[in-house]
Each structure stands twice: as structure tokens, then as C-alpha cells.
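**Q** To start, I am sharing the structure in question, which I have written as C-alpha cells.
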Amino acid sequence: MQISGQTVHPFLSFRIPSIQNTGRLRRSYIFVFQLLSQLDRPQMKPNETPFSTAAPPKDVPYPPDGSFNWLRSTATHDEWAIGDRAGSNLPSQLKALTASAEANGLTLPSIFTRFMADPILHKHLRSASGDYLRLADSVLPFANGYLIRFLSDQQECAHWYLFVNSTGSDHCVVSSYEYFDADEMDYELDELKETDFQFWTESFELFFCRYWIEHEVMFSQNDETPLPNIDPQILMLYTNSG
């Protein structure tokens, strides 16, 4: 978009000077559009997936940008953190999963691998239902893509999966009441159906932003801890008060 000789990105309020034949402006231009490329990160919408059912969408206060900086600014927890129960297994699980992905010609989303390799981030997320991080050792082929289990509840009644397209260029998060694992197959691949899964969010970071709010609200309701310090209008979506 051009306004009076200046380039304006439709989602940002600042203006970018038009390219001039100077090194300084050229470097500034490149830097800004590297930033915009992160903000415009592709997301897998429900209608772009094989899944027909979806959890009701909810707004979040922190637009995902791939950094998880919003999460780093929140409190850490000594109890109920999602990395506490089996976090010591994550490095070996991530190594095995990466090897499996490479064997299938798949590159795992970098935001996913960075998060899984960062135990400090895991301390910022606690679960009111005892959910814990546990990675599948192998990718599971499904519907022109792959499923990767990464989170389970403590009673093994619910599981969350990353669904990655065949190239690894896009992903979403889905859930299932069924435990699926490529290395523990007591079923045939063609037995997996899209109705076994529910679409949750169009990106991995967005999933955990929503997850953080939902579980902090549950802790507040059960243990009288402070509610998340976020926009009240967004908070009402999670507290059933509006």
C-alpha cells in the first residue's frame, strides 16, 4: 500500500520509507520486511485441513509471532507445570522424532522444535488437569500429512497432536480421545478417520496461548489464584461471564 510515497503495511501503524539508493534505508527496508514475514506467518485454517469438527474459537491477547515472548513474561510454576512429569524424556523423544521426520522427507516446524527443547518455557505453563508433555518418537502418516502427539492428560483420556502438511510448511493443533502412535500400532493406518480428531487452533503457539488462559482461569476458580492479567473483554470469553 502506498501513501504519499510511503509504504504502509495494512496490519501495522508505522510507515516504511520507500526504497532509496542508500545502504542505510535498504537495510532498514530488509529488516522491516523480515519482521512482516514473521507477522504474516502462514496458518492452517479449519477449511484447509481434513478435520470436520472444531472447538469453538476464542480470541487471545497475544498474536502469535513465533517468539513465545508473551509466555516468557508470565510467572513460572513449581507445581503442575506441563514439563514436570516426563520432561526428562523430551530430549531423547525429540531426537527420535526429528530422525523419523527426516526419514519421511519432513521438516518439523521450527516453532515446535524450539518449544519442545526449552524446559524453561515449560515452567510457565501449568495444567489444572495434570496434562503433561510427551512426544511421539515417530511421525504418523495421515491425510496427506503427519500427526505428532505432544501432550496428554494425566489419565490418558485426551491427547493433543500437531498435524503437519506433507512439506512441513504449515500446521495446526488437533485433539483426540484416542491414543495413536506409529510405534505402538494396534490398528491399520486406514482405520484412522478425520472424525477421530477435533481441530483446535491454526498454529502451535496460538494453541498454548489459549491453553495458558484456560488453565490459569481454572486455577483461579479452584485455588483462588489471580486471574490472568489480560484484556477484560477477552478474559470474559474464558470465564463464562460474557
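**Q** Given bins 10 angstrom wide, list per bin the percent of all Cα-Cα distances in the range 141-242, short to long.
**A** It works out to 13, 39, 28, 16, 4, in whole percents.
**Q** Using the basic label-point model (7 angstrom from Cα toward the beta carbon), what is the Cys157 to Thr107 distance in nanometres?
**A** 4.1
**Q** What FRET efficiency comes out for Lys193 versus Gln221 if R0 is 45 angstrom and r is the Cβ-Cβ distance? Round to the nearest 0.05.
**A** Computed FRET efficiency for Lys193 and Gln221: 0.80.
**Q** Set the Förster radius R0 to 30 Å, insert the Cβ-Cβ distance between Lys58 and Asp186 as r into 1/(1 + (r/R0)^6), and round the FRET efficiency to 0.05.
**A** 0.30
**Q** Same structure, new question: Mind checking which lysines have their Cα closer than 25 Å to the Cα of Lys95? Skip sequence neighbours fewer than 8 apart in that chain.
**A** Lys123
**Q** Another question, if that's okay. Given C-alpha coordinates of the range 46-239, what is the ratio Rg to Rh with the Kirkwood estimate of Rh?
**A** Ratio of gyration radius to Kirkwood radius for the range 46-239: 0.95.
**Q** Can you pull out the chymotrypsin sites (Phe, Trp or Tyr not before Pro) in the range 184-232 that DSSP calls coil and that have at most 16 other Cβ atoms within 10 Å?
**A** Tyr187
Rule-based calculations on the coordinates, nothing more; no lab input. No experiment lies behind these values; they were computed from the predicted model shown. Positions of Cβ are generated from backbone atoms using ideal geometry, with glycine treated the same way; all protein chains shown enter the neighbour counts.
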